[in-house]
Amino acid sequence: MAAILLKSLHSLEALDEPTAKWNVPLSDGNHVIEFEHGTASGRRLVKVDGKVLINRDWMFQLVGDEVFKFNENNFVIRIDPISGLKYCYTLWVNGKSYKNFVQTQSKILDTWSADVGNEEYRIVLDKQTQNVWVNGEQIETENEFTDDGAEILFSVGDLPAVIRTQSSGQKEIGITYSLYINDAEIQREMLFKEDKEA
């Protein structure tokens, strides 16, 4: 009997779209967090990059926090009631609101996308650690000092790549980072579009 009731509640709550969705920039790449909230059953489903991380049925408490960890980062999805029997969903990452976390990440990560041969590559530099990630995997690099700054040497596919660092000469801008693959400059990507929270 309970199984039949649960199934009928789930069919009522079946959604084509997640209740809330966020694009979270981490050093190994952007990750899509999707949250489904069954407002009749209290069901909670959390997916990261399409993979189910949490699936809870029969949560009698419709509001509150859903806490989880991913890639050594702490996440909280906060469910708050608003007027008209509706809910507001907010994401917190490592103790910061989603908006503040994205702003912080945009200051410490530089990202580029490049097509090499038939492959698309996404290169991320963590400016704090000087670690480089290619398609989500941290890679080995070599560092060299130059007259103008420094170079981080590595390869993308079979081609040589270098991230050149140099002072912008402006205090508010600081150090600039440029990626070259096979001596061709790659334009930096503005990845951190702020998603609308539900």
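Here is how the numbers come out for the structure above:
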item: The stretch 30-55 - residue that is modelled with pLDDT of 90 or more and touching a His at 6+ places or on another chain (Cβ under 7 Å) and, of those, surrounded by the most Cβ atoms within 10 Å (Cβ to Cβ); result: Val48
item: Strands (runs of 3 or more DSSP E) completely within the stretch 46-118 that count 1 or more residues being within 30 Å of Tyr180 (Cβ to Cβ); result: 109-116
item: Residue that is surrounded by the fewest Cβ atoms within 10 Å (Cβ to Cβ), among those in the stretch 134-160 that are touching a Ser or Thr at 6+ places or on another chain (Cβ under 6 Å) and in contact (Cβ under 8 Å) with a residue 24 or more places away in the chain; result: Gly149
item: Filter result for Gly84 (modelled with pLDDT of 90 or more and loosely packed, with under 14 Cβ neighbours inside 10 Å); result: no
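The values are calculated or read from the model by the stated rules, or taken from the named source; none is laboratory data. Fair warning: this is a prediction, and the values are worked out from it, not measured in the lab. Virtual Cβ from ideal backbone geometry, glycine too; neighbours counted across all protein chains shown.
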